Amino acid sequence: MQRSDHTPSLSPNDQGLPPEFIERLQRILTPETFEEILQTFHATKETTFRVNPLKSDADSLKKELESLDLHPEAIHWLPGAFRVPDAERRALTESDAFYEGRLYIQNLSSMLAPLLLAPEPGERILDLAAAPGGKTLMMAGMMENRGWISAVEPVRERFYKLRANVDRAGASCVHTYLKDGRGVGRALPGSFDRVLLDAPCSSEAKFSTLHPRSYAFWSRRKIKESRKLQRRLILSAWESLKPGGRLLYSTCSFAPEENEEVVDFLLRKDPGARLLPIDLPVDNTMPGLLQWEKKSFAPSLSRSRRILPTREMDGFYLVLIEKEPNP
Ligand code: SAM
């Protein structure tokens, strides 16, 4: 990763985004990718979705949607995932397949987290920050509804949205808890085969100049507050994991304070935590940073991956961590 100390070049469009956010982004990205990525904040995103294998299959769902004059196109690297043209988004959200839970609209970056965690039928899984449940449901599908997923969400409104989505998808292996994730590790130490922590964050990768409210409350302070919560959550997630188990930590933020720095914090607490290499089916990625401002991170942080945003994919951060097995 190269750093650039040049002042960011602001196009008239960029002026809506906080200048400090742009300046930080320029230091995080390489000079080759910066301008291109800046443009993604002004573009509409493509609509992507995946079939719910608990209620349908890719062929039947495709035919069902085509009978409504929709044109789903398969995503070649992820079986069961599709895109539709922008103009068809509304019709998709008004389809019976949508209302009856045969499909779930989800960004492709989000689908990578369950894909990497790879839960298996019969396992005990914890989803520590679960609402509205896109990743929980994808995991339930991968597990063929066999096993146990504890899905935790402390924000009441979001919890009910999660419950509704779980019911609609027929995901009977999912058990929902209106709880603060910070206490789960202490209550259930060493209990889960795999844990997903898709952490609450400053949501920088969801910023869009088409929706200025998306970044209206951005500040360095917000990043630091997120980091504080993320550190508590990652320790809780870690404690809840069985020896030999795997934790997938992800955020939709570009901020190193919320990504590499949180994982580095865990590695310092437990030197037995081991970052696993990540093999991704897309190439719009870069390795995790080893340095940010005055801080250096463990060399293994280069095994974490940053998904660079495109028209089709949101920016995302992913890391897979294994707990030492019992001797
Ligand atoms: N994984 C979800 C999905 O794929 O649909 C999205 C999760 S979102 C990035 C983070 C969630 O963490 C939010 O729903 C937020 O309300 C929740 N959250 C906030 N504070 C939390 C806490 N202390 N413990 C657990 N979850 C928390």
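We did not get these values from a lab; they are worked out from the coordinates using the rules stated. Bear in mind that the values here come from a model prediction, so they are computed numbers and not experimental data. Quick reminder, even Gly has a Cβ in these numbers, built from the backbone with ideal geometry, and neighbours come from all protein chains shown.
In table form, for the structure just shown:
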{"quantity": "Expected-Rg normalisation [2.2 N^0.38 Å, Cα atoms] applied to the chain", "calculated": "0.98"}
{"quantity": "Kirkwood Rh, Cα atoms: Rg over Rh of the range 186-239", "calculated": "1.13"}
{"quantity": "Fraction of beta bridges assigned by DSSP in the chain that are antiparallel (%, nearest 5)", "calculated": "60"}
{"quantity": "Length-normalised contact order of the range 234-326 in % [C-alpha pairs under 8 Å, at least 6 apart]", "calculated": "41"}
{"quantity": "Distant alpha-carbon pairs in the range 232-323 (separation over 21 angstrom), percent", "calculated": "28"}
{"quantity": "Anisotropy class of the range 117-171 from Cα gyration tensor, a/c 1.5 cut", "calculated": "prolate"}
{"quantity": "Over the range 51-170: Kirkwood hydrodynamic radius from C-alpha pairwise inverse distances, Å", "calculated": "14.9"}
{"quantity": "Sorted by Cβ density within 10 Å, fewest first, the residues Lys294, Lys45", "calculated": "Lys294, Lys45"}
{"quantity": "Helix-only mean residue ellipticity at 222 nm for the chain, each DSSP H run of n ≥ 4 adding -39500 (n - 2.57), per residue, nearest 500", "calculated": "-9500 deg cm²/dmol"}
{"quantity": "Among Trp292, Trp218, Trp77, residue whose mean-square fluctuation peaks in a GNM of the chain (springs only between Cα atoms under 10 Å)", "calculated": "Trp77"}
{"quantity": "For the range 228-269, the fraction of alpha-carbon pairs in successive 10 Å shells from zero, as %", "calculated": "27, 59, 14, 0"}
{"quantity": "All-pairs Cα distance distribution in the range 24-71, expressed in whole percent, bin size 5 Å", "calculated": "5, 16, 16, 12, 8, 8, 10, 12, 11, 1"}
{"quantity": "From phi via Karplus (6.51, -1.76, 1.60), per-residue ³J(HN,Hα) for the range 270-286 in Hz, x at Gly/Pro", "calculated": "9, x, x, 6, 10, 6, 9, x, 10, 10, 10, x, 10, 10, 7, 9, 9"}
